[in-house]
Protein chains: 4
Amino acid sequence: MLKVGVVGYGYWGPNIVRNFHLGPDSRVEMVCDKSPDMLRRVNKTYPDIKTTSNCMDVVTSPTIDIVAVVTPVWTHYDLAKKALSNGKHVFVEKPFTSNIEQADELIELAQKNNLQIMVDHTFLYTGAVRKIRQFIEDGTLGELYYYDSTRVNLGLFQHDINVLWDLAPHDLSIMDYLIDSRAEAISATGQKHLNGHEDIAFMTVYFPNKVIAHINVNWLSPVKVRTTLIGGKKKMLVWNDLEADEKIKVYDKGVRINDNNTVYDLLVSYRSGDMWAPQLERIEALKAETDHFVDCVNNNKKSVNDGHAGRRVVQMLQAASESVQNRGEAVRL
Amino acid sequence: MLKVGVVGYGYWGPNIVRNFHLGPDSRVEMVCDKSPDMLRRVNKTYPDIKTTSNCMDVVTSPTIDIVAVVTPVWTHYDLAKKALSNGKHVFVEKPFTSNIEQADELIELAQKNNLQIMVDHTFLYTGAVRKIRQFIEDGTLGELYYYDSTRVNLGLFQHDINVLWDLAPHDLSIMDYLIDSRAEAISATGQKHLNGHEDIAFMTVYFPNKVIAHINVNWLSPVKVRTTLIGGKKKMLVWNDLEADEKIKVYDKGVRINDNNTVYDLLVSYRSGDMWAPQLERIEALKAETDHFVDCVNNNKKSVNDGHAGRRVVQMLQAASESVQNRGEAVRL
Amino acid sequence: MLKVGVVGYGYWGPNIVRNFHLGPDSRVEMVCDKSPDMLRRVNKTYPDIKTTSNCMDVVTSPTIDIVAVVTPVWTHYDLAKKALSNGKHVFVEKPFTSNIEQADELIELAQKNNLQIMVDHTFLYTGAVRKIRQFIEDGTLGELYYYDSTRVNLGLFQHDINVLWDLAPHDLSIMDYLIDSRAEAISATGQKHLNGHEDIAFMTVYFPNKVIAHINVNWLSPVKVRTTLIGGKKKMLVWNDLEADEKIKVYDKGVRINDNNTVYDLLVSYRSGDMWAPQLERIEALKAETDHFVDCVNNNKKSVNDGHAGRRVVQMLQAASESVQNRGEAVRL
Amino acid sequence: MLKVGVVGYGYWGPNIVRNFHLGPDSRVEMVCDKSPDMLRRVNKTYPDIKTTSNCMDVVTSPTIDIVAVVTPVWTHYDLAKKALSNGKHVFVEKPFTSNIEQADELIELAQKNNLQIMVDHTFLYTGAVRKIRQFIEDGTLGELYYYDSTRVNLGLFQHDINVLWDLAPHDLSIMDYLIDSRAEAISATGQKHLNGHEDIAFMTVYFPNKVIAHINVNWLSPVKVRTTLIGGKKKMLVWNDLEADEKIKVYDKGVRINDNNTVYDLLVSYRSGDMWAPQLERIEALKAETDHFVDCVNNNKKSVNDGHAGRRVVQMLQAASESVQNRGEAVRL
């Protein structure tokens, strides 16, 4: 039974605490938050969990095995470093760190101390993403053409980061998981209207073999959209994460070009067949993820969303922010 | 009663012929197409309209007042020039020309000969775009923040141009009409998978005063999407052109920031009120447009979608194509 | 090449004329309408078709083989009788007649004169209904449980009949085609708010083997709905006729009951699998229907929507109207 | 601070316990369930709440003021009677009782003992139903024409009652609240396919002044639908309870009839204006309801969903079940 200490009990913290606390092989020992109000809530819901406002109590506790860092991104590096230095495995919110240097240092420290890092790329554990991964692996989609995600809503929850760092990590981690090759370059554009950070932004990621990805993120949208189009040579799919059922629709549609023709007389043929919405696993993704991390720590397994995956996402975010400053000029990775 | 000659009876030509022929002050005199099949169709439907496979018959006809050019874009310049040189007013498909130089030359020629040019930016005459224009003019939306359009479907109809030149003119002409200021710079990205032209592309247009526009066009989408989000300081709207009714939904939603706070303690307040779908004028946009052109010619009026508007769209397309080659590097206009 | 005379050029008449006129083996010879305006429209669109305001010109014309009756229902009997008496085959709008007696007389007359009757149950020729029929025939749905249709919109187009006679014939003819057994009894309810005829009504049709059908029709709905649920033991489907694509969605869902249990402890198990939207034939249903009628006449074939089918629909409508008067008391057929 | 005893901790029980326990003026003292498993769950979540498997402990507890009956319908009468006899106020699940006689007896008993009964018609406390009630009261909808609800899904949760008793109480209680007059007669139809109870049923309720209501309930639907159309002379609305936002859409649509015309020449005019989705109160309906019941008990107020309202719903269900047996023959109330 691994003991977990959780730092941060804000928006997402309660979910982390619940899942680690009710997991088959883990229990939360202590929760840290600077707000006495939040700690009172912990006490009320979990009378058996200790609370503190001093994060050092968590990272230095001799009985804690895993420290979960559920705080704003600019604090991740410092807290994770303290935890790793004290021999704790680290579960950390996305995005992993504020820059690549911090990520590199944490990865190295973990390796030296033989500790594990998991970055909370929750979406990788959803039934939807697992199904898409399967469709790519088993050749259902065929050669990949593009990944195009729209992730917009009304909400300016973050004050220290722009909309890319807030919303794009979801898609970047999903792409990192789905696409076998590594991103080569990034072009991004955006605009700041309110608080000095981009509140609307668009990001293009170039992959090898003509695979292209695009992410549209926006804090100023009147409607919530969570839709991703994925196009392959054999099939194409639409993933609408807001649908209660039928989140993924696979279309037997495509285009074929007859190359023997002259340029103004190409023979284009369209294929338009059935649509199919596969039944998805109904699991709580976060529970699958925290259980898996505990298993990784216990049995020395490797997760797909380790520190390296977290670093790749940070690298893409950093490149995107740089590109936005230069109005879309691509940054090579 | 103005006489119209139409060159090109392909996908869109029949609509042009029908509207000019049934207009209150115009009649189609002659239709030209290189395909005998198409001409037979003209004969069957309109026994009173002359047909020819030689475009010179149209542009030199002494009785024709207006020549409508409904052919692929690479032929526009040559046909329009012939028509203008022979003293005909010109109605030409979008995009106006293949490059700015051609547009400039045609505009100059028309001016010299005291002739009118209308570029077929049909969407400007829809009830939806007229209503949005009204919401901007009367201050309903407030200061404009962004215009974000997704225009995707399965279809590779064009062989001489990429997906930007095929689908983006709709949005570029709409933006040109809705936004009072002129675009400053363009960044675009995209990828070619099939026939040597970009089949998926993304375009960001920078306007003064932090107004930003984005266009997502794709020939390889399994589903058809025609959705535009427009965000203003006071209200935001969603225009879904595929809805039979309720194409436009106006949301009384917004974000307010209290500037007096420190950076990590900003007071963000959200406003979330009613939604409202205004009744739109039910007109055939193309009929309104062709009638208006006839009125412009008859009474020497000026249309919003004249040669200058057509040129601005071509300029943006040209900049976008250049930017795509340089992976998003912005092109100043 | 069969010659067709069409009586009635109102809302639906132009479609009938177009399809018979352009059919491979038929041509329209004459159109009759009491409105000179309508006849002028015929002249303009089809200069080669004769027009008349006297229906006797059509039914007595020696060269006409088929008379299409596209007029209000209360005129069907008289016009069809005149046509059959003059040796013409009859294509007649739904509902076939105003009552069963009229239907019986027309069927007998046709039989005696060796003539064909087709009642315009257009929906039977759509890709959607054909696909559903196939799913029933090939056992995909399994034993049928229910057919439940909602057909509502804003519109009070008919002044001589109630909403049941206006909208329910669609569903009644579809059910008659899909369900192998014959309806046994009908219960219907409704209410009149405006012009002395029911403008909202609900109809239950009892079939053998516990198959039940329900039809919800309404002229006073703010939204248009055309949705049918069909439940079978093995699969269930939703047919939304307003969807551009994916009109039919088949669900691998169901319920199983373990009979061995006591009443308060039943073992109910649910099955919830994939959803699947089959590609449908894209045809103009009316064209398929008129072509088929011409083929029936030419080659002495029998259509599914003959006079007997038309009579069964009239019988159900008559029973429903009677039931409505008695607040739902069932009428046996 | 009122003390509440809850009998039944199944599907809905935990919500009742949570809301009474966290209410400003109430606390749950004891929970009764026959399943030791359920009681363990209570102990785990609420260490301070007593548990018992004997309902007499609850109804005879000297400190308990309110007994909440959250058990199958056939047990309501007995439990509520015991509670009222012991001087407890009663909060009881819908439907109130298995028949009118039981309801009458409980109402009388409560009156005699000066106790309150609330039947859990939760929907009356939702933002949606409150808004619709307001639209009726303030004349927005105008004279009421119809109420038409579809409430279908896959699910056979009840073994002692048919689908009408399971799903229709929602709509019947809402209608009872929205419509000022009392139902006059009921016609219902349905069919049993699986376990000896109707699993699909249709119910028409006749009200004075030509107001008609219709309810479509179905346990064998592949899709979940919760849609109600309400038509008035001035406006019509659609309430889709499955929408996250915009649950209610009000349409400025209608029909007008010019009475001066002859029957075949009626002047029907349609009005088609804007659509409007009002912002709804975001509250937990059940919390508003339990808080209100506590307030009623404390301050001797009367709730709209008292025993009489519960009785009216039971009366309509009983009439509907009787009508179903007679294939739709109306039952007068």
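Within the stretch D:150-158, the presence of a residue that is closer than 29 Å to D:Asn218 by Cβ, modelled with pLDDT of 95 or more and away from chain C (no Cβ under 14 Å) is excluded.
Of the residues making up the stretch A:207-221, those that are in contact with a Gly (Cβ under 9 Å, 6 or more places away or on another chain), more than 17 Å from B:Val225 (Cβ to Cβ) and facing chain B (nearest Cβ under 7 Å) are A:Ile212, A:Leu220.
The rows are residues; the columns are (1) aliphatic (A, V, I, L, M); (2) under 21 Å from D:Thr228 (Cβ atoms); (3) under 11 Å from the mean Cα position of the chain (by Cα).
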| position | (1), (2), (3) |
| --- | --- |
| C:Leu144 | yes, no, no |
| C:Thr150 | no, yes, no |
| C:Gly155 | no, yes, no |
| C:Val163 | yes, yes, no |
| C:Asp166 | no, no, yes |
| C:Pro169 | no, no, yes |
| C:Ile174 | yes, no, yes |
| C:Asp180 | no, no, no |
| C:Gly190 | no, yes, no |
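Name every residue in the stretch B:59-111 that is without any contact (Cβ under 8 Å) to a residue 12 or more places away in the chain and polar (S, T, N, Q), in order of residue number.
From the stretch B:59-111, those without any contact (Cβ under 8 Å) to a residue 12 or more places away in the chain are B:62, B:75, B:78, B:101, B:108, B:111; that's our starting set.
Those that are without any contact (Cβ under 8 Å) to a residue 12 or more places away in the chain and polar (S, T, N, Q): B:Thr75, B:Gln111.
The set of residues from the stretch C:1-41 being over 25 Å from C:Tyr77 (Cβ atoms), of a type outside the set (D, E, K, R) and either within 28 Å of the chain's Cα centre (by Cα) or part of a loop (DSSP other than H, G, I, E, B) (or both) comprises C:Met1, C:His21, C:Leu22, C:Gly23, C:Pro24.
Has the stretch A:126-141 got at least one residue that is part of a helix (DSSP H, G or I), among the β-branched types (Val, Ile, Thr) and within 13 Å of chain B (Cβ to nearest Cβ)? Scanning the stretch A:126-141 turns up no residue that is part of a helix (DSSP H, G or I), among the β-branched types (Val, Ile, Thr) and within 13 Å of chain B (Cβ to nearest Cβ).
Selection of the stretch C:86-103 for residues being in contact with a helix residue (DSSP H, G or I) (Cβ under 7 Å, 6 or more places away or on another chain) and surrounded by fewer than 21 Cβ atoms within 10 Å (Cβ to Cβ) yields C:Asn86, C:Ser98, C:Asn99, C:Ile100, C:Gln102. Say whether the condition of being at pLDDT below 95, away from chain B (no Cβ under 14 Å) and outside any loop (DSSP other than H, G, I, E, B) is met by at least one residue in the stretch D:269-284. Among the residues of the stretch D:269-284, at least one is at pLDDT below 95, away from chain B (no Cβ under 14 Å) and outside any loop (DSSP other than H, G, I, E, B), which makes the answer yes.
Within the stretch D:207-250, being assigned to a loop (DSSP other than H, G, I, E, B) and either of a type in the set (Phe, Trp, Tyr) or without any contact (Cβ under 8 Å) to a residue 12 or more places away in the chain (or both) holds for D:Phe207, D:Trp219, D:Glu243, D:Ala244. Residues in the stretch C:192-218 that are within 19 Å of the chain's Cα centre (by Cα) and of a type in the set (S, T, N, Q): C:Thr204, C:Asn216, C:Asn218.
Screening D:Tyr146 on (1) over 20 Å from D:Asn240 (Cβ atoms); (2) at the interface with chain C (Cβ under 7 Å from one of its Cβ atoms) shows it passes everything except condition (1).
Going by what's in this entry, would A:Val70 be described as buried (at least 16 other Cβ atoms within 10 Å of the Cβ) and either farther than 25 Å from A:Arg27 by Cα or among the small types (Gly, Ala, Ser) (or both)?
no
Entry remark, the stretch B:15-45: residues being within 14 Å of B:Leu286 (Cβ to Cβ) and out of contact with any strand residue (DSSP E or B) (no Cβ under 6 Å at 6 or more places or on another chain) number 5 in total. Scanning the stretch D:242-267 for residues that are touching a Gly at 6+ places or on another chain (Cβ under 9 Å) and either at pLDDT below 90 or at the interface with chain C (Cβ under 8 Å from one of its Cβ atoms) (or both) yields D:Tyr251, D:Lys253, D:Gly254, D:Val255, D:Val263. Residue selection: B:Val6 fails the criterion of being touching a Gly at 6+ places or on another chain (Cβ under 9 Å), surrounded by 21 or more Cβ atoms within 10 Å (Cβ to Cβ) and closer than 16 Å to B:Leu115 by Cβ.
Against the test of being at the interface with chain A (Cβ under 9 Å from one of its Cβ atoms), β-branched (Val, Ile, Thr) and touching a residue at least 60 places away in the same chain (Cβ under 8 Å), the options B:Ile161, B:Ile200, B:Ile186 yield a single qualifying residue, B:Ile186. Which of the residues that make up the stretch B:1-56 are of a type in the set (D, E, K, R) and without any contact (Cβ under 8 Å) to a residue 40 or more places away in the chain? Correct list: B:Arg18, B:Arg27, B:Glu29, B:Asp33, B:Lys34, B:Asp37, B:Arg40, B:Arg41, B:Lys44, B:Asp48, B:Lys50. Within the stretch A:203-222, the residues that satisfy the criterion of being out of contact with any helix residue (DSSP H, G or I) (no Cβ under 6 Å at 6 or more places or on another chain) and surrounded by 21 or more Cβ atoms within 10 Å (Cβ to Cβ) are A:Thr204, A:Val205, A:Val211, A:Ile212, A:His214, A:Asn216, A:Asn218, A:Leu220, A:Ser221, A:Pro222. Condition (residue is within 29 Å of C:Asn326 (Cβ to Cβ), at the interface with another protein chain (Cβ under 8 Å from one of its Cβ atoms), crowded, with 19+ Cβ neighbours inside 10 Å and hydrophobic (A, V, I, L, M, F, W, C)) applied to the stretch C:230-241: is it met by at least one residue? So far as the stretch C:230-241 goes, no, none of its residues is within 29 Å of C:Asn326 (Cβ to Cβ), at the interface with another protein chain (Cβ under 8 Å from one of its Cβ atoms), crowded, with 19+ Cβ neighbours inside 10 Å and hydrophobic (A, V, I, L, M, F, W, C). Note on the stretch C:163-193: among residues that are among the hydroxyl-bearing types (Ser, Thr, Tyr) and buried (at least 23 other Cβ atoms within 10 Å of the Cβ), the one that is farthest from D:Tyr145 (Cα to Cα) is C:Ser173.
The values are calculated or read from the model by the stated rules, or taken from the named source; none is laboratory data. Everything numeric here is computed off the predicted structure, so don't read it as measured data. All Cβ positions, even for glycine, are placed from backbone atoms using ideal geometry, and neighbour counts span all protein chains on display.
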